[in-house]
1. Within the chain, what whole-number % of the accessible surface is contributed by carbon and sulfur, with the 1.4 Å probe and all protein chains included in the calculation?
2. Distance cut-off 26 Å, Cα to Cα: go down the list Lys79/Lys166; Lys114/Lys144; Lys15/Lys79 and report the pairs above it.
3. How far, in nm, would the chain grow between Asn241 and Asn131 when pulled straight, counting 0.36 nm per residue and subtracting the alpha carbon separation?
4. Here are a few candidate values for mean projected area of the Cα convex hull in nm²: [x] 18.8; [y] 13.3; [z] 14.0. Which one was actually calculated from the structure I just gave you?
5. Once R0 is set to 41 Å, what does the formula 1/(1 + (r/R0)^6) return for the Cβ-Cβ distance between Thr249 and Asp160, expressed as a FRET efficiency to the nearest 0.05?
6. With point charges of +1 on the Cβ of Lys and Arg and -1 on the Cβ of Asp and Glu, referenced to the Cα centre of region 140-250, which listed residue (Thr208, Ala188, Gly154) lies farthest in the positive direction of the dipole?
7. Suppose a student asked you for the relative contact order of the chain, using Cα pairs under 8 Å spaced at least 6 residues apart; what percent would you report?
8. Which residue, Ile19, Ile108, Ile169, has the most motion in a Gaussian network model of the chain that connects Cα atoms within less than 10 Å?
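The values are calculated or read from the model by the stated rules, or taken from the named source; none is laboratory data. Please read these numbers as outputs of a predicted model, since none were measured by experiment. Glycine also receives a Cβ, built like all others from the backbone with ideal geometry; neighbour counts cover every protein chain displayed. Just the protein is used for accessible areas: all its heavy atoms, side chains included, with ligands, DNA and RNA removed. Shrake-Rupley method; radii C 1.70, N 1.55, O 1.52, S 1.80 Å.
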Amino acid sequence: MLTPERHRIILQLLKDKNIVKIQEIMELTNCSESTIRRDLSQLEEQKFLKRIHGGAQRLQGKLQEPSMIEKSSKNLQEKRRIAKYAASLVEAGDCIYLDAGSTVVEMIEYLPLKDIVVVTNGIMHISPLVNKGITTYLIGGLTKLKTNAIIGRGALASLDLYRFDKCFIGVNGIHPQFGFTTPDQEEALVKQKAISLTREAFVLADNTKFAEISFAKIADIHEVSIITNDLDEETEKQYLNRTSIKVVTS
């Protein structure tokens, strides 16, 4: 079977099923595992799919954006492990920025109680922060209901009033070439601004965000450190020489 025909079959399978296993493709095409792995690598380079353990997954749409409720219910244990490690980086006396991300909100449970100040655009963050007794500032601006985030010109102006020791950002896509991305350009601007005002910037993202590309760019890969969960060796290698990356396994 010719390469273009195999590629067509793979892409059709992904369109129908969203996730496809290597074994399934091998049976349909009567080709070896090495051939199919090579096909998947080529299609990933062409940005038609992303490889996952044992197969491939269809890329999400550039503008596709789950709600905060939808995001909060996915990969919860992985997000908590990432969040716990991220919170361990916060030191007494730090002024930190917490972005309105579903992984970032999980940090709050693990934050130190004393001598820190939090600035956030996350509406859902306020109640747990206040209940913990942490000094908290909510920036002004437009309320985006889908992600419970404060965005817009007012948010950018509010952020200009602060400087941070550390900021913790959520993203929808991480790509070695195209950097960190999110579907909404307004949210991207707020994330960019926070990164520009901090001494250390961290992206908190589970491994499903890798190889995804959303509509609006936040930053280049080298500008922000990554905290994530179990990555396969090949994916991790793509980022090791480009940025600092911490893989949290427990």
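1. Details: 6120 of 12310 Å².
The value for the chain is 50 percent carbon and sulfur by accessible area.
2. Working: Lys79/Lys166 19 Å; Lys114/Lys144 31 Å; Lys15/Lys79 28 Å.
Check vs 26 Å cut-off fails for Lys114/Lys144; Lys15/Lys79.
3. Details: separation 110, 0.36 × 110 = 39.60 nm, distance 4.06 nm.
Result: 35.5 nm gained on full extension.
4. Label [y] holds the value from this structure.
5. Working: r = 38 Å, r/R0 = 0.94.
Between Thr249 and Asp160 the formula returns 0.60.
6. Gly154
7. Numbers: 481 pairs, mean separation 38.7, N = 250.
For the chain, the relative contact order is 15 percent.
8. Ile19
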